[in-house]
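Q: My structure is below; once you've seen it, I'll send some questions.
Please treat every number below as a calculation from the coordinates, not as lab data. Treat the numbers as computed from the prediction; the structure is a model and nothing was measured. Ideal geometry is used to build each Cβ from the backbone, glycine not excepted, and the neighbour counts take in all protein chains shown.
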Amino acid sequence: MCHQNILLYFTFDIFWENLLLQKMSATFVAAATLRMTDTAAHAHAQDPPDSPVSIIPDRTALDSDLSMLKIRIERCLHNMQQTLSNEVTAFDLKASHAAPTHMLNHTMKNKALAYSAGWPCDADGKLFLNTREWQNQERVGILLERNDKPISVRTKCLVKLEARDLQGVDDSCIICYESIRTFEQTSMACKHVMCYSCFHSMHEENERKFKEQMDTHMIDMDSLCDMADKCPLCKVLIGGPVDLKPWWEDHIEMIILGALGCIYNRYAFYMRNPEPSATQEMVFIMQCTSLCNNELKGRRQDALDVYEKMRHKAVADPYTHVTTFAKALLKFLLQHVLHPNWNKDAMKKAFYSYASSIGMENDNY
C-alpha cells in the first residue's frame, strides 16, 4: 500500500507545481482545491465522492497521513495566492476585463469621474489587496476602467463594490442606449434608467443655462423648471444622483400633482407639441382637479382622505399593499383626465406611460 501513498503525494505535488508555473486564476485554484480536499475527505468514507473524476486512494494507505496531506494542500494554495498578489497588476485585470473591486462616489471633486470603477493600486499598478494597507491614508491610487494610468483620489471617495452592484441593469440607458451595471445607474423616481455619465452631461448643460440666465437677470418660474434636471422621457424631476424614496411615501396630494404633470408632458409628446411650460402644466392640473371634483359631485377631498389612508398601509407594508394602492390610484387618476376636449388616443398612451413608471405595466386596473 505504501507505493500508492507515495504515488498520490507525487501526483499532488506535480499538480500544484503545474498550477504555479501556469499561473492559473484564483477561481480555478479554489475549484481544484475543493476537488482535492473532497478526495482526501472521502478517504474514510464507505462510498466514493460524487465527482466522477476524483482520485480514489486506498483508504488504509492514507489513515496516518490525512492531516499532513491537508497541510501540504493549504501550503500550496498559500504559495499560489502569494504568486498572484506579487505578479498580477491592475493593468492585467483591466486588460482581461475583470470585474472592478471599488468605485468612486458622488462626493468626488471632479464629478465627471463619479461612479467610475477600478482597482486600488500604486503608480506602477501593484494591487492593494489588503484594505488595511490604505484605508487609513488620506489618498489612494486607483486604476479606473476608462483610464490608462492610475490616479490619486481621496480615500473617503472610494467605495467597495459588492456582487449585487456589478449586476447588469435590465434596461439600457435612455440617452446613450449602453448597457450599464447597477452601480452606474442614476436613481430616478420614474424608474427609467439613466447612466451617471449621461446624467452628469445633462446636469452640466442645465447648470450652464442657469448661469447664463443669472447673468442676464431674467429668470422666471418657467425658465427655472425648464432648467431643472428631469427624466428625458417622462419629465419627472430627478433631483440628483442620490437614492430617492419610493413614490408611495409622498403625501397623496404630491403624488397626484406629480402624476398629472408626468401625464401632461407625455400627452404633449404624443400630440407632437413642444414641451409644455410650468404655467401650462399648472393650468392643466387645475383643469384636471376641477374635472374630477365635478365627477365626484364636490367630494374630491373626501376621496383624497380615503386614498391617503390606503397610502399609509402601503408605507407600513409595501409588499402587501403597494399594488392595491397603485391600482386604486390609477382609477382615481382616470377621473381627472377623461375630458372630451383632449385627444383620447394621446391621453391613453400618456396615461399608460405613467402607469408603467410606477410598475403597473398592464391595463388590469
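Q: With labels modelled as points extended 7 Å from the Cα through the Cβ direction, what inter-label distance (nm, one decimal) is found for Lys331 paired with Lys211?
A: 5.2
Q: Something else: By what distance, in whole Å, do the Cα atoms of the stretch 108-176 stretch along each of the three principal axes, largest value first?
A: Projected onto the principal axes, the Cα atoms of the stretch 108-176 cover 38, 24, 21 Å.
Q: State the extension gain, in nm to one decimal, for the chain segment bounded by Ser172 and Tyr270, taking 0.36 nm per residue of separation less the distance between their alpha-carbons.
A: Separation in residues times 0.36 nm, less the Cα-Cα distance, equals 33.0 nm.
Q: If I model a spin label as a point 7 Å beyond the Cα along the Cα-Cβ vector, how far apart are those points for Asp305 and Met286 in nm?
A: Placing both labels 7 Å along Cα→Cβ, they lie 2.6 nm apart.
Q: Still on this model: With a Förster radius of 30 Å, plug the Cβ-Cβ distance of Ser187 and Ala123 into 1/(1 + (r/R0)^6) and report the FRET value to the nearest 0.05.
A: My answer for the efficiency is 0.30.
Q: How much length is gained on full extension from Arg164 to Asp250, taking 0.36 nm per residue of separation minus their Cα-Cα distance?
A: That works out to 28.2 nm of additional length.
Q: For an R0 of 41 angstrom, estimate the FRET efficiency from the Cβ-Cβ distance between Asn343 and Lys313 and round to the nearest 0.05.
A: The computed FRET efficiency comes out at 0.70.
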